[in-house]
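These notes are about the structure you will find just below.
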Amino acid sequence: YTVSVRMPKALDRGEFFLEYQPICSLVDRSLTAVEALVRWRHPLLGVLGPDEFVPAAEETGLILPLGRWILREACAQGAAWQRRYGSRAPQVNVNITARQARNKGLVADVGRALADSGLEPAMLQLEITEGTALGPHDESLRVLDALVDKGVTLTVDDFGTGWSNLAYLRDLPLAGLKLPSSFITEPDPGRSADEDVGWRIVGGLTTLARTLGLTLTAEGVETAEIADRLREMGCDWGQGWYFGRPTSPRDLEELLLRRPPW
Ligand code: G
Ligand code: G
Ligand code: MN
Ligand code: NA
C-alpha cells in the first residue's frame, strides 16, 4: 500500500501540515522570512518529510492540488502574522515544483491564495529549484513572469546545483538566490576564506548576487562561526539550525518576539 496511493485521500483528510524554518539577516540577526516546509502525518507511518512524498506527488500530478493547499495555508499563516506583528512579520517562502511552474493555473491559484488571505503580494516569495523548474521551458518563464506581475517575489533555490544555464538570470525577474547547505562547511580556524575553495566559491557567488542586485540566502547555517563568515563575505540572509529548525507556527511566534540565537 504505497505512499502515492493514499495521498489524494490524505489531502481530503487534512493529514498534511506545514512547518516554518526561520531565515535571518546575517547583519543584525533579525527574522526576515520563513520557509514553509510540508509534512505528512501518515496514520501508519508517522510524520513523513517532503523527500518521501513530494517526488511522487510531482509524478502523479497530485502536486497541483497539494501545492494549492500549501499556498493557501502558508498565505493564511503569513497574513495572520502580518495582522498580529505588522512590519515585524516575516516574508513567507513557498517551494514550487517544476510541474507547478509549467501550469498556467498557478497564476490564478496564487492570486486566489493572496486575495482570500489578505496577504500582501510582496510578502510571498516563491522558491523555484534550479535545474528542475528552470529548464528550457518557455511555459514556466511565462508563468513566473505573470506571477511577478502580481507582485510576488521569486528566488532560485539550490542555486548552483542544476545544469546551470545561467540565461535565466537574465530572463527571469528574480529577487534572490539561495545557496544549498552542501556549499557551506564549518570554517577551518587555521585557514582563511581565501585558502578554502568552498568558501571562495561562496565569495564569488556573493559578488554575483550583489552585481545582479539579488538577495543571497545561505542554507545550512549550523553555527555562529558559519554565520559570521558568511556575513563577512557579504551574504545577506542565513537559514539553518543555528537560527532554528523547522517549527510549528506557535513556536515560531515566540521567535518573532525575541532575537537570535534563541
Ligand atoms: O523539510 P526538509 O528539509 O526535509 O525539505 C526537503 C526539501 O523538500 C526542501 O529542500 C524542499 O525543496 C522540498 N519541500 C519542502 N516543502 C515543500 C513544499 O511545500 N513544496 C515543495 N514543492 N517542495 C517542498
Ligand atoms: O528547500 P530546501 O530543500 O532547501 O529545504 C531546506 C532543507 O535543508 C530542509 O530539508 C531542511 O531540513 C534542511 N536544513 C535546514 N537547516 C539545515 C542545516 O542547518 N543543516 C543541514 N544540513 N540541513 C538543513
Ligand atoms: Mn526551499
Ligand atoms: Na535548498
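The values are calculated or read from the model by the stated rules, or taken from the named source; none is laboratory data. Keep in mind the model is a prediction, meaning the values are calculated, not measured. Ideal geometry is used to build each Cβ from the backbone, glycine not excepted, and the neighbour counts take in all protein chains shown.
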Practice task
Answer yes or no as to whether LEU66 is within 11 Å of ligand 1 (Cβ to nearest atom) and either crowded, with 19+ Cβ neighbours inside 10 Å or not in a helix (DSSP H, G or I) (or both).
Solution key: yes
Practice task
Considering every residue within segment 157-176, establish whether at least one is more than 20 Å from ALA101 (Cβ to Cβ), within 15 Å of ligand 2 (Cβ to nearest atom) and in contact (Cβ under 8 Å) with a residue 40 or more places away in the chain.
Solution key: no
Completion exercise
The lone condition GLY240 fails out of (1) surrounded by 19 or more Cβ atoms within 10 Å (Cβ to Cβ); (2) on the phi < 0 side of the Ramachandran plot is (2)
Practice task
Search segment 44-64 for residues that are under 17 Å from LYS9 (Cβ atoms) and among the small types (Gly, Ala, Ser) and pair each with any residue that is within 16 Å of ligand 2 (Cβ to nearest atom) and at pLDDT 95 or above when their beta-carbon atoms are under 8 Å apart and the residues are at least 6 apart or on different chains.
Solution key: ALA57/ILE63; ALA57/LEU66
Completion exercise
Considering residues that are within 14 Å of ligand 3 (Cβ to nearest atom) and in a helix (DSSP H, G or I), the number found within segment 82-107 is 3
Problem - Candidate set from segment 149-180 (those that are over 16 Å from the mean Cα position of the chain (by Cα) and of a type in the set (A, V, I, L, M, F, W, C)); member that is modelled with the lowest pLDDT - result: TRP163
Completion exercise
Filtering segment 55-80 down to residues that are among the small types (Gly, Ala, Ser), closer than 10 Å to ARG99 by Cβ and more than 16 Å from ligand 3 (Cβ to nearest atom) yields GLY61
Exercise for the section: Pull up segment 232-258, narrow it to residues that are touching a strand residue (DSSP E or B) at 6+ places or on another chain (Cβ under 8 Å) and in a helix (DSSP H, G or I), then point me to the one that is farthest from GLY198 (Cα to Cα). Expected result: PRO249
Exercise for the section: State yes or no: is ILE128 at pLDDT 95 or above, within 16 Å of ligand 2 (Cβ to nearest atom) and within 30 Å of GLU253 (Cβ to Cβ)? Expected result: no
Problem - Filter pass, ASP194 being in contact with a Lys or Arg (Cβ under 8 Å, 6 or more places away or on another chain), modelled with pLDDT under 95 and on the phi > 0 side of the Ramachandran plot - result: no
Practice task
State whether one or more residues within segment 32-47 are touching a strand residue (DSSP E or B) at 6+ places or on another chain (Cβ under 8 Å), of a type outside the set (Lys, Arg), surrounded by fewer than 20 Cβ atoms within 10 Å (Cβ to Cβ) and not in a strand (DSSP E or B).
Solution key: no
Exercise for the section: Out of the residues in segment 8-29 that are out of contact with any Lys or Arg (no Cβ under 7 Å at 6 or more places or on another chain) and not in a strand (DSSP E or B), state the one that is farthest from ARG68 (Cα to Cα). Expected result: ASP28
Fill in the blank from the handout: Screening LEU166, LEU179, LEU212 for residues that are hydrophobic (A, V, I, L, M, F, W, C) and surrounded by 15 or more Cβ atoms within 10 Å (Cβ to Cβ) leaves only LEU179
Problem - Filter result for GLY105 (loosely packed, with under 14 Cβ neighbours inside 10 Å and away from ligand 4 (no atom under 16 Å from the Cβ)) - result: yes
Exercise for the section: State whether the residues of segment 192-199 include one that is over 17 Å from the mean Cα position of the chain (by Cα), in contact (Cβ under 8 Å) with a residue 40 or more places away in the chain and more than 18 Å from VAL27 (Cα to Cα). Expected result: yes
